[in-house]
Amino acid sequence: MKIMIASSIDKDAIEVLKEHHEVVCAFRDVTEEMLRTLIRDCEVLVFRSGVEISAQLMECAPDLKLLVRAGSGLDNLDFDYVQQRGLKLVRIPQPGARAVMEMAFAFMLALSRRLLEADRSMRESRWAKHELDGHLLLGKTLGIVGVGNIGSCLADMGIAWGMNVIGCVEHSSPERVQMFHEKGVQIVEFDQVLTEADYLSVNVPLKESTRTLIGSAEFARMKPGSYLINLARGGVIDEKALYEALTERGQLRGAALDVHEQEWEGRVSPLARLPNVILTPHIGAMAVDTQREIGRRVVEAVSSFPADTSYKTISGYGVQAFPG
Ligand code: MLT
């Protein structure tokens, strides 16, 4: 088969795919126009975030049959087109959950103990010991907006750290609420999560109902002295409103963002001016172990795809996820 890899994935996985298939790597210095040319006779497309998989792009590939999302988010994919055309889509959300959860903890600890400020003071030869008091996670409320794949992993870790964990979900069932309750996690309304959390972690996909889910009205309702953590998608948070909540209003004590309204080279966010903000370039799932496992599952998805050209399926809502 001819495979286009439109985002950087694990190198070993690319090598294994090359042993059996014709592979086009199109993720460095590739314009949209080049992508449209390169995809022309491809049957498989492998992608991650950062590249727009539009209907126009997929229309350029009449032989396209299989899409492999080497990760979780589908906000960069024209999903209606995929369904309409009956393309098979395989998502691999599970391995990234652990990495994103660990990074959320890294953010919470770094913000609470002001690690970046402490590091900066040392580099400026300042001994700021008595300015840098911090806070424990123990006994604090971790509020999770979206207790799904990543959110539930985070909830388990919050419990292990002695935090009081509350969260909300878009579609709940009494069974799920009970299951979380048994683990010590309370499923409550969004507003309660917002107003009670000391650490508010956003873990929802970006879609119409979650775009700017947290804006000025929501920041105003957050607990004074709380922290915001976003490892989901930039569009879920209104960054201008966040800036105001951190400065003019002083509502929040700090924030850490791995995802941004505008990503890629050449942009410095106004939030970078604030010492109590941590900014990272969408590296939540970039643990080597995680990417290796995702790579292994990409290979598995491609290898198990039937060679039969009449094969055409949409499983569930057009998404097939590998089990954990
Ligand atoms: C994901 O949705 O899996 C993450 O954002 C990682 C990525 O694709 O870069």
| What are the DSSP H helices in the chain that stretch 24 Å or more along their long axis, judged by alpha-carbon atoms, and whose average Kyte-Doolittle hydropathy comes to at least -1.0? | 94-112
| Charge dipole magnitude, Cβ of K and R +1, D and E -1 - the range 68-182, Cα centre, debye nearest 20 | 300
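In terms of solvent-accessible area of protein heavy atoms at a 1.4 angstrom probe, what is the ranking of ASP29, ASP78, ASP12, highest value first?
Output order, biggest surface exposure first: ASP29, ASP12, ASP78.
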| message | Only sites in a loop by DSSP and with at most 11 other Cβ atoms within 10 Å count here; which GluC sites (Glu not before Pro) in the range 51-138 make the cut? | response | GLU124, GLU131
| task | Past 22 Å, Cα to Cα, is the threshold; run LYS65/LYS207; LYS11/LYS207; LYS2/LYS65; LYS140/LYS223 against it and keep the listed order. | result | LYS65/LYS207; LYS11/LYS207
| task | Please work out the Cα center distance from the range 1-71 to the range 201-253, rounded to the nearest Å. | result | 34
| task | Send over a whole-number figure in Å² for the accessible area per residue of the chain, probe 1.4 Å. | result | 50
| task | For the chain, would you read off the P(r) tail past 35 Å as a percentage of all alpha carbon pairs? | result | 27
| Using helices alone, what [θ] at 222 nm do you get for the chain, with -39,500 (n - 2.57) per DSSP H run of 4 or more residues, divided over all residues and rounded to the nearest 500? | -10500 deg cm²/dmol
| Residue farthest toward the positive end of the dipole of the chain, with Cβ of Lys/Arg at +1 and Asp/Glu at -1: which of LEU154, ALA26, VAL299? | LEU154
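Of the peptides 260-268, 31-39, 80-88, how do they stack up when ordered by the mean number of other Cβ atoms within 10 Å, highest first? Walk me through the numbers on the way to the answer.
Details: 260-268: 10.8, 31-39: 14.0, 80-88: 15.6.
Packing order, densest peptide first, comes out as 80-88, 31-39, 260-268.
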| note | One can check that the equivalent ellipsoid of the range 183-265, built from the alpha-carbon gyration tensor with semi-axes equal to the square roots of five times its eigenvalues, has lengths in Å, largest first, of 19, 17, 12
| request: Quick one: Debye curve from the alpha-carbon atoms of the range 97-279 only, equal weights, vacuum; give me log10 I(q)/I(0) at q = 0.17, 0.19 Å⁻¹ to two decimals. | output: -1.08, -1.34
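Using the Cα centre as the reference, give the magnitude of the dipole from point charges on the C-beta atoms of the chain (Lys, Arg: +1; Asp, Glu: -1; all else neutral), rounded to the nearest 20 debye.
With only Lys, Arg, Asp and Glu charged at Cβ, the dipole is about 460 debye.
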| task | Just reorder CYS42, CYS60, CYS25 by solvent-accessible area, largest first, 1.4 Å probe, all chains present. | result | CYS25, CYS60, CYS42
| request: Express the relative contact order of the chain as a whole percentage, based on alpha carbon pairs under 8 Å and six or more residues apart in sequence. | output: 19
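The values are calculated or read from the model by the stated rules, or taken from the named source; none is laboratory data. A quick note: this is a predicted structure, and the numbers were derived from the prediction, not measured. Counting neighbours? That spans all protein chains shown, and the Cβs are built from the backbone with ideal geometry, glycine included. Surface accessibility is based on the protein's heavy atoms, side chains included, excluding ligands, DNA and RNA. Shrake-Rupley method; radii C 1.70, N 1.55, O 1.52, S 1.80 Å.
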